[in-house]
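Only the coordinates and a few stated rules stand behind these numbers; no lab work does. The shown structure was predicted, so the numbers you read here are calculated from the model rather than taken from an experiment. Here the Cβ is made from the backbone with ideal geometry for all residues, glycine too, and neighbour counts use every protein chain on show.
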Amino acid sequence: MGLVAKQGDGGGFTPVPPGMHLARCYRIIDLGTQKSEWLGTVKNLPKIMLQFEVHGEDETGAPLTTSKGDPMSISKNYTLSLGEKATLRKDLQSWRGRDFTPEELRGFELKNILGAWAMISVAKSLGNNGKEYTNIMSVNPVPKQIKSAGLPEGLNKLSLFSIEDPDMELFETFSDGLKSKIKTSPEWQSRENAMSKNAASRSAPQGGAFDDMKDDLPF
């Protein structure tokens, strides 16, 4: 089963400049259950990361590219929930331009947003640690005028990383910090423990064998 939302990086990195940018969602990463703290309350919640490649120019007219000439990228973490107050629900609904139907709220396949284009609002903010971060503040649909003019060609391969069935080749491309974060999740640790038990069982003597878019909706 893929990631389903339900109701109920390194040195030399140049951040995307503040402003409104055309972007394409190219990767969804399952982070597993992570510890979250808000207003003194600590909760363990399932988290995901959406990664976008950004196209366009900055205020000086310079292309938004890396030193290699590739589109810049930016990500945003979400709690995997389509609850009424969930940020993921809010962003997806503003991106789609309409609310979810009751049927969709019972289980929306996140893979549907891979390859979808959006206008993202980026701003800088100060974290609790005193460091400055660049964050995606909102996700909105692409205006018809921009669509009519023609969207650029996406660069990055579309991919979804799930802890349940991990693509380890993709996992090895993640930053050390992101890999460490995923490895702290109980889902990853449970998987590792199961693999260790299976390996021990196999080594023991006599061991046992072991969708169409509607109208202008982006997804």
(request) Run the quick spin-label model on T134 and S67: label points 7 Å from Cα toward the beta carbon, then report their separation in nm to one decimal. (result) 1.5 nm
(message) Can you divide the C-alpha Rg of the chain by 2.2 N^0.38 Å and report the result to two decimal places?
(response) 1.14
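If you count, for each residue, the other Cβ atoms within 10 Å and average over each peptide, how do 127-133, 156-162, 60-66, 22-28 line up from highest to lowest? Could the numbers behind the result be given before it?
On the way: 127-133: 7.9, 156-162: 16.1, 60-66: 11.6, 22-28: 22.7.
So the order, starting with the most tightly packed, is 22-28, 156-162, 60-66, 127-133.
Treating the beta-carbon of each Lys and Arg as +1 and of each Asp and Glu as -1, no other charges, what is the dipole magnitude of the range 29-103 about its Cα centre, to the nearest 20 debye?
Details: 10 positive and 11 negative charges, 86 e Å.
That gives the range 29-103 a dipole magnitude of about 420 debye.
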(request) Provide the per-residue ³J(HN,Hα) series for the range 134-143, in order, calculated from phi with Karplus coefficients 6.51, -1.76, 1.60 and θ = phi - 60°, each as a whole number of Hz, with x at glycine and proline positions. (result) 9, 10, 7, 8, 7, 10, 10, x, 7, x
(message) With bins 5 Å wide starting at 0, give me the P(r) of the range 103-202 over every alpha carbon pair, in whole percents.
(response) 2, 8, 11, 14, 17, 17, 14, 8, 4, 3, 1, 1, 0
(request) Just the number, please: percent antiparallel of the DSSP beta bridges in the chain, rounded to the nearest 5. (result) 95 percent
(request) Binning at 10 Å from 0, report for the range 34-155 what percent of all alpha-carbon pair distances ends up in each bin. (result) 10, 36, 35, 16, 3
(request) Treating each Cα of the range 145-184 as an identical point scatterer and ignoring solvent, apply the Debye formula and state log10 I(q)/I(0) at q = 0.23 Å⁻¹. (result) -0.79
(request) Post the alpha-carbon centroid distance, the range 18-33 to the range 146-167, in whole angstrom. (result) 10 Å
(message) List the pairs from K35/K68; K68/K144; K85/K124; K68/K179 whose alpha-carbon separation is above 26 Å, in the order I gave them.
(response) K35/K68; K68/K144
(message) Using a 7 Å offset from the Cα along the Cα-to-Cβ direction at both E57 and Q145, what is the distance between the two label points in nm, to one decimal?
(response) 1.6 nm
(message) Students often forget the sequence filter, so: which aspartates and glutamates lie under 12 Å Cα-Cα from K147 once same-chain residues fewer than 8 apart are removed?
(response) D216
(message) Helix-only estimate, please: 222 nm mean residue ellipticity of the chain, summing -39500 (n - 2.57) across DSSP H runs of length 4 or more and dividing by its residues, to the nearest 500.
(response) -6000 deg cm²/dmol
(request) Find how much the distance from T101 to T14 grows on full extension, using 0.36 nm per residue of separation minus their present alpha carbon separation; answer in nm with one decimal. (result) 27.4 nm
